[in-house]
Every structure is written in structure tokens, then in C-alpha cells.
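Everything below concerns the one structure shown next.
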Amino acid sequence: GRSETLRSACSGWRPARPAAAEAWAPAAARAAEVVGLMQRCGPGGFALAGGGAAAAAAASATMRQVAVCLAGLLRSLPDVGESIQEFLVGPLDADLFVAGPAEHLAEWASALALFPTLAQVRLERENVTEFLHALGGNGAGWRAAATIKGNWLGCLEGEEKDMRRRGSGLCQMYGHRQCLEMVTDRELKRGRQYEHVVWSRPDFVWLAAHPPLSLLPEGESDFWIIDGEDNGGINDRHWVLPRHLAPAILGSWDRLIDGSMADFFQQQRLPELSTETYFSFVLATSGVDKLIRRIPSLAFVPCANPHKRKQIDTSASSWDDSGRLDNVNVRCVRGGPKYRHEYRHARQVSDCKGSREWSLPLLWECWCAPKEELGMLHFMEYRLCVHAKVAAAGWKGKLDFYEE
């Protein structure tokens, strides 16, 4: 199969080996014209990217305005891919970019056939600690950052003190970099930037269609973050970014390397950082936190144990037996939701929506009304709910907001 072709093409990989390329035409291309993807083995793995005249013609002909990027462990794609295509990529009419470790290809590579607008795939034998060492120099920038404890640098491995971190924060930063590079490469090929870049988890199970960007009222911020699961910082599982903000928000890897990240956080004298806390600092210090607008969560992370960096206790006998054991560890029912509150919120909104198309009045009915009861509409992040409230009341005018 295709997965074995990919595996064998890179089985003899060595760092000094010249790149080798061959055409790879996935069954994912259900459109009239098949987009050729090029496969090449290089330092760390291989990339499958639209190449040649056919790919360039297809890219310029479609000119989709949204780029969705899934980065992280990809072993769940066979289980969640249909929901991602039906409720995320499809409704946003997006080009799709995928990045992650090249391990266990035989288990999941066939799931790429679920995505007809797949634009690029970048897979590597991922060891972010080796990537850091390979940069050369003394690594003063990232080594200084590594003195700050917490899973914000999860994936970091090594024998030195504090050089083994649970979680996946550092891998996430590297995934951001991969996404931004793929999107930029695609834009150069088609001669036009995307209007929005969507960063999302590749293991999300989606229950209902993503709210369309056309829902956005005129003049309102288009930086969307899903509600809930902030864990003392900001939810980092799904972001909708205006293209001009993508370099700053997805640029953590470069700030780690150049030392600016360490310079900032060492001044804060924080005992440790979580991934969510780290990103909340990034947004606040860059001034874009004022642009954040919340949207309802319509997806959940399934209960699984895909890697050794964070062991998940899948022995729970029921939902009542599920939940956080401490700040890091979780117990859940295998195949069910990893975080039951996340699932319940997503299920509640999706059940209310049903088969109806998204509109501002429907957003009010299914998600915003309870926020008003909790007094949350005066927070800037929930400004979409203010628009939804007046739309549900029949107001047709434009709202103006004044900052204090």
C-alpha cells in the first residue's frame, strides 16, 4: 500500500544521503485533477508537497482562503479523520496541511485519503531535542529557557537536570513552525496569501460543523479561540488566526532558539510554566490578547495512550470514574472523552444546533445565552455573543464598542 511505499522509500535514510524524489498520487485527490505530491527523504524524514505544473495549476485555480494545519501525533487519524473532514476542513473550504512524526505509518497513512484538499504533508523522525542540538553553537538560548520547569517544554529529553519533560509543549512549538513553513511555501507557489490560518489538533473528534468565518460581523476581530479548557492560561487546542498574526503567534520555536523567550521568562521569576500559561503570556505581551474572541467548542480529545511522555490511565470504569488525578495525570475510559467537561460542553452545543446552519441567532440560542446568565458578556473575549444577542433580538444595525 501507500504507507509501505513511503516507509520503504526512506528505509535507507542517512543524514548525508542526497534527497530522492518520486511522484506520489494519493487516493485523497477526489477532485477532477489529481494533485501530484512529491516524496523526498532528507534530514529527519520526508515531505509530501504539491509540486510540478499540475500542482501549481491546481493551487492557483482553487485559491481557497483558509489553510487548516493539523500538527502532532497522527495515529488517531483513522478514528477521527472523517469528523475532521466533515466538520472542520469541509465547512471552512480549506486547504489542509499535516505535520507530525513519521512513526507507525502503517497504522494511519491510509487515513490521508479522507482529505480531498490535502495540500502538503511533512513527516519526520521527530526528536525535537536532537533538532535543537543539530542547530550548532552552544544552544545558550534554549538551554536558558530549559531552566524554567513545566510542561511548556514537554518533549524535551536528555540526561541533564530538568531535561526530561512530560507533555508536548516543545513539540507543539515545533509543529507551529512546520505549519507556518508549509503554508508559506504553498502561498509562494500559488502567488497569494491565505486570509486565515487554522491551527488544530489532529486527534480532535468533531461533533458539529465549525462556525463559518462568514458569521463574523463587520469590523470584528477574526482571531478565534475555542471556549474552555484554559487550565490557568489560554486554550491551545484550536485557533483561527488572521494570516497577518500567524508569524507572531506560531513563532515560538524561533524565539526559543534566539534566546528572547528565556530573557523574558527569567525576568518573571516563575516557578514553572504550563503550555497554556506560556501561550497566554505570548498573546498578552504581543498585545493580541485584546483581539481574542471565543467560539464554542465542538470537538473533544479522545481517551488514548499514544506516547510515553504523558501516560494516560485508561482504566476508568465509567464517566463518573473519569477525571484529573492531579495537574498532569488523567484517568478516562479508553475510546471515550479524555476530558469529560470538554465533551459535555461540545455535545450540548452540537445537540442544540442539530442540522441547522450556523447563524448569530443560533449561536445565541445554543451557546451564548448561558454566558449572559453567568455575567460573561462584558468580557471582550465574548463579544461575538453580544453580536449574537442583538441579532437574535432582530437588530440589523452595526454595533460600536468603546474601550475604557
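The values are calculated or read from the model by the stated rules, or taken from the named source; none is laboratory data. All figures in this text were calculated on a predicted structure; none of them were measured in a lab. Because the Cβ atoms are built from the backbone with ideal geometry, glycine has one as well, and the counts that use them run over all protein chains shown. Surface accessibility is based on the protein's heavy atoms, side chains included, excluding ligands, DNA and RNA. Shrake-Rupley method; radii C 1.70, N 1.55, O 1.52, S 1.80 Å.
Please go through the residue pairs Lys353/Lys396; Lys338/Lys371; Lys290/Lys396; Lys189/Lys290; Lys353/Lys389 and name each one whose alpha carbons sit more than 27 Å apart in this structure.
Working: Lys353/Lys396 22 Å; Lys338/Lys371 24 Å; Lys290/Lys396 25 Å; Lys189/Lys290 33 Å; Lys353/Lys389 16 Å.
As for pairs spanning more than 27 Å Cα to Cα, those are Lys189/Lys290.
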FRET efficiency, 1/(1 + (r/R0)^6) with R0 35 Å, evaluated for Thr147 and Arg356 via beta carbons: 0.10
Potential lengthening between Asp400 and Phe264 on full extension [0.36 nm per residue; Cα-Cα distance subtracted]: 45.4 nm
Gained length - Gln193 relative to Ala393, 0.36 nm times residue gap less alpha-carbon distance: 68.3 nm
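Given a 1.4 Å probe and every protein chain left where it sits, what share in percent of the accessible area of the range 166-297 is carbon and sulfur? If you can, show how the numbers build up before the last one.
On the way: 2360 of 4830 Å².
In the range 166-297, the share of accessible area belonging to carbon and sulfur is 49 percent.
Cβ neighbours within 10 Å, averaged per peptide: list 214-223, 95-104, 343-352 in order, most packed at the top.
Details: 214-223: 14.1, 95-104: 21.8, 343-352: 17.6.
Result, highest mean first: 95-104, 343-352, 214-223.
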